[in-house]
Structures are given as structure tokens and as C-alpha cells.
Amino acid sequence: SKLAALFEHPLYNIPIPEVTEKDKLFVVNPMEKFSLHSSGSDEWVSSSKAETLLPTGKTAYDTYPAWLKFHVGINRYELYPRRDPLMPTLLRDLAIQRIVSSVQKSGGTQLKLIMTFPNYGQALFKPMKQTRDQETPIDFFYFSDFERHNAEIAAFHLDRILDFRRIPPVSGRLVNITKEIRDITTDKKLAKTFFISPAGNVCFYGECSYYCSTEHALCGKPDRLEGSMAALLPDKTLAKRRSWRSPWRRSYHKSKKAEWEQNPNYCAQVRQTPPYDRGHRLLDLIDMTVLDFLMGNMDRHHYETFEKFGNDTFLLHLDNGRGFGTHSRDELSILAPLRQCCSIKKSTYLRLQLLATQPYRLSDLLREALATDPLAPVLAEPHLRALDRRLGKVLAAVGRCLAR
């Protein structure tokens, strides 16, 4: 296994700083039992009335479901640990746990569902909108592209291979539209959008600002539909997150250009603007830039952080559905932060160099990681080959910076 060898490499064993109580998202007494109750936000609370008798030798923590252990494990430095023993269980839960509720997620331009499991865990379901071998048409604007379920799955594994670990766990899943969405939804607006197509397939389209109409309906075969299931982060009432507008955000206009596209010295003013004027925030943003360029994702207009940790923490790499849309062309403008600032973390650069060597070739690693997903093959081969080509272009950009 190239993946197992990669995670044994010294570059993947650089220790994180010691995690103190104030560095944890949640401070939990491992002896205290938690009760889960279905409130408006499905939050979990400490319960004095919960059973105090636990199986011999077990702490209350041992009895938590995998999603709750994932939430409790989040700290200032990482969303989940490198050698997370929980990960296989969490991914399996996302893929096979019984779905007890499906409702549409509010907001956003495209249809997404929030699905709840019997243990109160929740996942964000993005349905399949195009096949693996379809490329985004060359005349499409990036902001009118589909969100791809397989891009969400591949992004999680790529983020882990790069050792960023800033994307919540994602698994592919085949969902039965009739039994796991239509028959159990309490969402009246969503319920009104189901129909049987002329081909006899069960379809629905939901309500949203972009692709929610009978022309863009999602149809099963006859009622089975592929999608990605992403573990939800802790409810915002429990762990506030702050949304930051990316300084290299695109204009989202058909003819206007953003300032960074016209000003070659743009990075100098970013470096003087909080929060980029101190700490490692700019370097974290450049990490995200590398991830987006490898995936071909042009749609990174915002990113989030956990408010509790202030400026000194990682960026959450959420919403990756517009990655992996093209394999035949590389969008070099995505690399603007790296090329304009000529800065990159040394550890990131060393890992990228490692992933360009034969024993650890990036395409081979991602192919191996995705082979375990229930929807494998997740990416068409040309997308995997494009990763190696793009990695070469990232290293060439760093090389030019070093020469300067």
C-alpha cells in the first residue's frame, strides 16, 4: 500500500503542538454521560439524569457514537488526527447507517439534503448531477457549473493525502429516493417536488436559486440515486464559526475582473490587512490554493474558521463540489495567491515534492484511497492523471519564486 507507506514517512509524522484544554473545541469530562436529544438543532447536552452505570471498565466517552467522538476530537490544530482510529467507523456510518429523516438544506444555489441517523448523527447529502466522464463545457462560467458529488468524496481524500485534514469526512452512498427521502421527509416544500418520469423513474427537484426545476430534476434508476454524504460539523449554536471572504475571490460577474487579476502587486496590500498581517493565515490560504488548483476548483469565495480559536487555527475547506470538473485544461489563475505572494509553508512544499516522486505518486495515492469508497471508481482516470501534471505546475511556480 503506497498510502500506508506515505503515512509512515517522517513528513507525515511531524508532531502538532501539545493540545491544552483551551485548544479543544469542546472540553468534555470523559466520565460524564451525555444524552442526545432531538431539539431544533439536534444538539447534545450533558445530562445529570442519564444512566450513571456504565459497562465495566468503560468511560462514558466509549459509548459515544462515532460522529460525537469526531466533534469532541476537534482542536485548534486539526479537524481530526492523522492516524484517526475513528475514521473507518465514521465513513462506514455515513455509507450504511439507516436514514430516519431527510430535509432540504436551506440556502445555497443547488439542492442539498440534511439526513439524520438513529444516533442523531447528521450528514449533508449532495446528489449525483453528472456522470464521471462528463467535463464542464469550455464556455461555462465557473459560477454556473454543477456541484459534483464525486468531487466532494475525492476532495476529502486528497485533503488527507496532502496532510491538511481540514475537510470533514465524506463517503459515497447509494440512496433509495422512495424509502430514504420521499417517504420519510417532513419538508413540505421538498415533498411537493417528487414525480414519476415518463421512463418510470422516481424524480424530485426541491427548491433553490439555481438548478431546482423539472428540467434539472434528480432521477433515480428507478429510485436509486448516487450521492456524497459529508459528516456535519458541530451545530453553530455549540461551536460558532466565522466566515471570511477570500482576498482572491473572483468577481462573479461575466465581464468584470477582480482587483487581484489586474494588480500584480496585490499581495503586498493583503499582507498589510488583518488577519493576513500576522500568524500563518496567509500560508494556510496558500495551502487551500494548492488544494483548489489540483482539483480545478475556481469557486473558493469564502472559507470558515472556528471562532473559539481566533486567528491562530486552521481554515475549514468546505464546499468542494465544483472541483474535478475538467481534466483537459488547468486553470492557472487559481494559483494567483502562491504566484503573487511567493510564499508557501516549508512542510507543504516538502510534501508536494514527495508526492511528485515515483514511490508516492499523487495519482496512485488518490486512486488507492478512493478504491475503498462504496461508489468506486469515484474519479475517471483522466482526472487522476491531471493531478500529476498540475502538481508539476505547482512545484514549477515555487521553483520560479525560489529563483527570484
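Data overview
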{"quantity": "Segment 93-250 - convex hull of alpha carbons, volume per residue in Å³", "calculated": "153"}
{"quantity": "Accessible area (Å², per residue) of segment 225-325, counting only protein heavy atoms and a probe of 1.4 Å", "calculated": "43"}
{"quantity": "Per-q log10 I(q)/I(0), segment 71-164, q = 0.13, 0.15 Å⁻¹ (Debye; single scatterer per alpha-carbon; no solvent)", "calculated": "-0.62, -0.82"}
{"quantity": "GNM result for the chain, Cα springs below 10 Å: residue of 13, 119, 320 fluctuating most strongly", "calculated": "13"}
{"quantity": "Segments 287-296, 172-181 sorted - mean Cβ within 10 Å per residue, highest first", "calculated": "287-296, 172-181"}
{"quantity": "Set of lysines with alpha-carbon distance to residue 24 below 25 Å, sequence-local pairs under 8 removed", "calculated": "33, 58, 69, 236, 240, 308, 345"}
{"quantity": "Whole-Å distance, taken between Cα centres, linking segment 84-100 and segment 154-226", "calculated": "18"}
{"quantity": "Added length on full extension, which subtracts the Cα-Cα distance from 0.36 nm per residue, residue 307 to residue 328", "calculated": "3.6 nm"}
{"quantity": "Of the DSSP H helices in the chain, those whose Cα atoms cover at least 18 Å axially and whose Kyte score averages 0.5 or more", "calculated": "281-295"}
{"quantity": "Taking only Cα atoms of segment 231-302, radius of gyration then Dmax in Å", "calculated": "14.4, 42"}
{"quantity": "Surface accessible to a 1.4 Å probe, residue 389 within the full protein complex, Å²", "calculated": "100"}
{"quantity": "Calculated diffusion of segment 267-382, Stokes-Einstein form, Kirkwood radius summed over Cα pairs, 37 °C and 0.692 mPa s, µm²/s", "calculated": "205"}
{"quantity": "Normalised contact order of the chain, rounded percent, pairs of Cα under 8 Å and 6 or more residues apart", "calculated": "18"}
{"quantity": "Highest-first arrangement of 157-168, 343-354, where packing means the average Cβ count within 10 Å", "calculated": "157-168, 343-354"}
{"quantity": "Theoretical gain in end-to-end length, residue 210 to residue 393 [0.36 nm per residue, Cα-Cα removed]", "calculated": "62.5 nm"}
{"quantity": "Hull volume in cubic angstrom per residue (convex hull over the Cα atoms of the chain)", "calculated": "156"}
{"quantity": "Whole-Hz ³J(HN,Hα) from phi, Karplus 6.51 cos²θ - 1.76 cosθ + 1.60, for segment 7-21, glycine and proline x", "calculated": "6, 8, 5, x, 5, 9, 10, 6, x, 7, x, 4, 8, 8, 4"}
{"quantity": "Hits among aspartates and glutamates - C-alpha to C-alpha of residue 112 under 16 Å, sequence gap 8 or more where chains match", "calculated": "145, 147, 152, 180, 187, 207, 226, 319"}
{"quantity": "Over the chain: helical MRE at 222 nm, DSSP H runs n ≥ 4 each giving -39500 (n - 2.57), nearest 500", "calculated": "-8000 deg cm²/dmol"}
{"quantity": "Potential lengthening between residue 83 and residue 402 on full extension [0.36 nm per residue; Cα-Cα distance subtracted]", "calculated": "111.5 nm"}
{"quantity": "Solvent-accessible surface (1.4 angstrom probe) belonging to residue 301, in square angstrom, nearest 10", "calculated": "70"}
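The values are calculated or read from the model by the stated rules, or taken from the named source; none is laboratory data. Because the structure is a prediction, the values reported are computed rather than measured. Here Cβ is always computed from backbone atoms with ideal geometry, including for glycine, and neighbour counts include all displayed protein chains. Areas reflect the complete protein model, heavy atoms only, side chains present, ligands, DNA and RNA absent. Shrake-Rupley method; radii C 1.70, N 1.55, O 1.52, S 1.80 Å.
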